[in-house]
Amino acid sequence: MRTIVVVGHDHCGFQQFATLPTGTRVTVDTPSGTLTYEVYARYLTPGRGAPAHGLYWGDLTPQSCVGPDTGFTYLSRV
């Protein structure tokens, strides 16, 4: 599976990565055009900077800390 992973620090404003509601549509502008993704699931794992092995799924996985934990949001291309 090929997954694009985007990681950002919560203290830099990226905590929204891990809190997007299911069904949210996200557009990404690339040199090849605009791509649209939809959130289908979220996962919160205990600990900040927790190992992410096996936690990247779908077509796009944004990751950021959420309080004392690490959050992952899973999106598929539409």
#### Entry: Charge dipole (debye, nearest 20) of the chain; +1 at Cβ of Lys and Arg, -1 at Cβ of Asp and Glu
100 debye
### Message
With a 1.4 Å probe and all protein chains left in place, how much accessible area per residue does the chain have, in Å²?
### Response
63 Å²
### Task
With a 1.4 Å probe and every protein chain kept in, tell me what percent of the accessible surface of the chain is carbon plus sulfur.
57 percent
### Task
Enumerate the whole-percent occupancy of each 5 Å bin, from 0 to the last occupied one, for all C-alpha pair distances of the chain.
3, 17, 27, 26, 16, 8, 2, 0
#### Entry: DSSP-assigned coil residues among trypsin sites (Lys or Arg not before Pro) in the stretch 1-76, each with at most 11 further Cβ atoms within 10 Å
Arg2
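The values are calculated or read from the model by the stated rules, or taken from the named source; none is laboratory data. These figures come from a predicted structure and were not determined experimentally. Using ideal geometry, Cβ is built from the backbone for each residue, glycine included, and neighbour counts are taken over all protein chains shown. Protein only, heavy atoms only, side chains kept; ligands, DNA and RNA dropped before computing areas. Shrake-Rupley method; radii C 1.70, N 1.55, O 1.52, S 1.80 Å.
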